[in-house]
1. Whole percent per 10 Å bin, from 0 to the bin with the longest distance: what is P(r) over all C-alpha pairs of the range 364-423?
2. Rounded to the nearest 10 Å², what accessible area does Asp375 have for a 1.4 Å probe in the complete protein model?
3. Rounded to the nearest 0.05, what FRET efficiency do Ser393 and Phe228 have when you use their Cβ-Cβ distance and R0 = 60 Å?
4. Assuming R0 = 25 Å, can you tell me the calculated FRET efficiency for the pair Cys120 and Arg541, based on Cβ-Cβ distance, to the nearest 0.05?
5. Grab the beta carbon distance between Val373 and Asp148, set R0 = 56 Å, and tell me the FRET efficiency rounded to 0.05.
6. Any chance you could run the full-extension gain for Asn499 through Asp213? It's 0.36 nm times the residue separation minus the Cα-Cα distance, nm to one decimal.
7. How many angstrom lie between the C-alpha centres of the range 179-227 and the range 469-511?
8. Spin-label point model (7 Å from Cα, Cβ direction): what's the Ala220 to Ile484 distance in nm?
Amino acid sequence: MDLLKGSSGAVLSSSRRSLVLVDIDRNLHISQRRVIHVSTFRNISGLWNHGGHLEHKGWRTTKGVRKCTPSRMSVISCSAPPTKEEAQTDVVLLSNGPGEVATWVKPVLDSLRRQSENTCIRISVVLQPCPHASGREVELVESYKQVDRCLGPEYFWKLVLFGTTENDWTWNRRGVCVFLGGDQFYTLLLSQRLGYKSIIYSEDSIRWPGLVDMYMLRSAKMLSGVPFWAHSKCRVVGDLFSDSVFGLQPQRKELHTFKGADSPEEAVPVVGFLPGSKPSKLALGVPYFMAVANHLHRLTIGRIRFMLPLAPTATLNMIEKYAAKSSNPNILEFSWASGKVVLNDESLITMDHKDERKSDAVVSELNVVGHLVTDEAVSIEILQQFPAYGVFSRFNLCITTIGTNTAELGYLGIPMLVVLPTHALEVFKGGTGGLLGLLANVPGAVGNSVARNVNSALLSSSGYLAWPNRWVNREIVPELVGRIEPVDVANIAIYYLGNEERLKEMREQLLRIQARHREPSAPGVDEKNGAAEAVATEVFRLLAI
């Protein structure tokens, strides 16, 4: 048997029938042994090793003998014993957009840290390139104290292709890559690169059952499309959205009342606005919802209150930018409302927050960071709380764009109108990938035309857009999609606000869906702990800790 070493640090020993590949890569600090049969690499001029650091060119298989030029290979001795760092383990969470980071990553982080109290793991969050990202996901991830380090999407391909990062991250021998949003295939690539196990949490599709170590599924219905031989790699764990909304006590209910609330005869309805967190959505949503507020204010003679919970990846500066005519051309083009943000120095709404698990009420305060004042002097309170479920619970009706927020509102039983104006579909550049995706991102008229037509086609064939409607494949909450004007949305909102029975019916239907679609957790996991606990348990099972 010959023992050879490549300049990149891979050790290749050849025998008559197999290769023994030992990766002692200098950057990854990994030592691992992998036996690969020679027949696998016949007619292949390059090899991407199991540890995944580099692609070694020039290795050929000729009658069971590996040949390479002397300049590329040299004789080495055995590798050093494992270091203390190698005895630890890595958990890598892959995600993409603001919704996934807020509602999938956060509960899994909490469960991982709680279950790892007596073990030593390092948690890394790797963000994938995503056309739907807001650009501030790294900042949101870094606000989570459970995370040890975070890699932005601009460095993703450098890690996958070359095994390196900007800050020269090291990797331990054992690890698991967990998919929590984005492209499932990226999880396969990264797990191969690092030589780690892989887990994919999926809410709608099982694409790689033969290559993934374990699929964690939202619903048992998903098993119908899985080959029988792959059922052992699938576990039904329930909905991570639910864990995000209800925490680790899914059956817990919290009551919220505002101190100093108006008396019943003076009470006014509260309408919430959720325009989104991504620039493409805010550019349309902010002026559009301001126009809706103007119409509602006129229709109710001012007897209405508006709230806008600031998304975790949105800022006051972003709201200000998209509310101004000078920086948002959509306002003049579509005759929507403009406005400005007025900051608050000290303005708090005090809320009695009663937790039924405790005998005493906990008083918390919601910070009104400012007001979005429209061109008709209508004031929309901008509140900052994450997660904003305490604010949501105050809404009589929420007017929202599509996205993760519809699932959160659904689980809370908040009546909603889901609005997607199609006046400027070309601003959404990430509707598809491949050649069409590239063409859609071409600057100018060509890219805009492709994006507009692609998005129009996707909308016409997409079915329901709001999560509660998708869960039951029928309309529970109204979806207002198309070139619908703000005054039309205001009129529909007035209809619901003036019809308490319809609001109550929508609320009860949402809560029934929430109760019916909470799937049992994985075997061996306490059902009350939910999907996040099941995912964390599977991580430690694969790590064999």
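The values are calculated or read from the model by the stated rules, or taken from the named source; none is laboratory data. Note that this is a predicted model, so its numbers are computed, not measured. Note: ideal-geometry Cβ built from the backbone for every residue, glycine included; neighbour counts use all protein chains shown. The protein model used for the area step is the full one, side chains on, heavy atoms only, and it has no ligands, DNA or RNA in it. Shrake-Rupley method; radii C 1.70, N 1.55, O 1.52, S 1.80 Å.
1. Percent of Cα pairs in each bin: 19, 44, 34, 3, 0.
2. 90 Å²
3. 0.85
4. Taking R0 as 25 Å, the efficiency between Cys120 and Arg541 is 0.90.
5. The pair Val373/Asp148 has a calculated efficiency of 0.85.
6. 97.9 nm
7. The range 179-227 and the range 469-511 have Cα centres spaced 34 Å from each other.
8. 3.6 nm
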